[in-house]
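The values are calculated or read from the model by the stated rules, or taken from the named source; none is laboratory data. All values derive from a computational prediction rather than experimental measurement. As a convention, Cβ positions derive from the backbone with ideal geometry for all residues, glycine included, and neighbour counts pool all protein chains shown. Ligands, DNA and RNA are stripped out before the accessible areas are found, and what is left, the full protein with its side chains, is counted by its heavy atoms. Shrake-Rupley method; radii C 1.70, N 1.55, O 1.52, S 1.80 Å.
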Amino acid sequence: MSVAKRDDEIKKVTASKLQEMKLKGEKISMLTAYDFTMATLIDQGGVDVILVGDSASNVMAGYDTTLPITVDEMIYHASSVVRGVRRALVVCDMPFGSYQVEATEGVRNAVRMVQKSGCDALKLEGGIEIVPTVRRIIEAGIPVMGHLGLTPQSIHKFGTYAVRAKEEAEAQKLLDDARALQEAGCFALVLEKIPAALAKQVTEELQIPTIGIGAGHATDGQVLVGQDMLGMNQGFKPKFLRRYANLAENIMQAVSAYSEDVKRGDFPNENEQY
Ligand code: KIV
């Protein structure tokens, strides 16, 4: 039987804790969340890191890409998550357009996102080209997680969500980008949809932890979108996804039973009224 811990007994996960975990060979678990209720459950379930991903653009708002979501919308999602979390490190994605144009604008947006949401760290997509901005954000006192491989904010450049860095030249660039992000001071690196052998090479070479999604088992940790691994998104079936529940089915069954009860006049009954 699990006994709920009091707030003062809970030790918050930090960026340096993730570094320690890598050194000890302890795997890091990370899931996305975008709202208070789900964040509370995911935190109590025991993941180390909660990512307020810009995938909120797809999962929460129903857009086709991550591009439309704004800084203010990310702040809304991140502050909702922060209010539900006691233990996990909360990392929030900087959205498309908030850091690519100019370093000073990137730092200003980063400071505002941390100040308004209360999140612990930010994640930025990209390699060597974003290093000056990453450095400035870290200098401002904000821990930064990098993100290489399939970077969905560049979907129009790639033209596809297929596996990245299969060719030698792109794999070499990814290795160079990973080294540059570590050198710039990133505390961890997401590797999305790249060959497992390349993810293993990056993981062995870097001192900072790598967190994979569709990047094989050798990375220091794994991340999935919460709604995907809970089976809420029936249409999304990539090879890398393992489903741990079938909530779509459960929710539809519950809604249908409720609707039938209402129509039959069975809900509410005598015990469910005042
Ligand atoms: O936005 C997101 O959900 C992400 C993960 C897929 C890593 O960046």
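Structure notes:
- When 229, 74, 252 are compared by accessible surface with a 1.4 Å probe, the order from highest to lowest is 252, 229, 74.
- Remark: the chain carries 53 Å² of accessible area per residue (probe radius 1.4 Å; ligands, DNA and RNA excluded).
- Per the chain, cysteines lacking a partner by the 4.7 Å Cβ criterion: 186
- Neighbour count of at most 16 Cβ within 10 Å plus DSSP loop: longest GluC sites (Glu not before Pro)-free window in the chain: 168-274
- Filter on 12/173; 27/123; 24/200; 12/166 - keep pairs with C-alpha separation over 26 Å: 12/173; 12/166
- Percent of C-alpha pairs per 10 Å bin, the chain, short to long: 7, 28, 35, 19, 7, 4, 1, 0
- The accessible surface of the chain, taken with every protein chain in place and a 1.4 Å probe, is 53 percent carbon and sulfur.
- For segment 89-98, backbone phi angles converted through the Karplus equation (6.51, -1.76, 1.60; θ = phi - 60°) give residue-by-residue couplings of 6, 9, 10, 10, 6, 7, x, 3, x, 8 Hz, Gly and Pro being listed as x.
- Rounded to the nearest 20 debye, dipole of segment 18-162 from Cβ charges on Lys, Arg, Asp, Glu: 320 debye
- Relative contact order for the chain, counting Cα pairs under 8 Å that sit 6 or more residues apart, in percent: 15 percent
- Inter-centroid distance (Cα atoms) of segment 1-67 relative to segment 71-128, Å: 15 Å
- Chymotrypsin sites (Phe, Trp or Tyr not before Pro) within segment 119-224: DSSP coil, no more than 12 neighbouring Cβ in 10 Å: none
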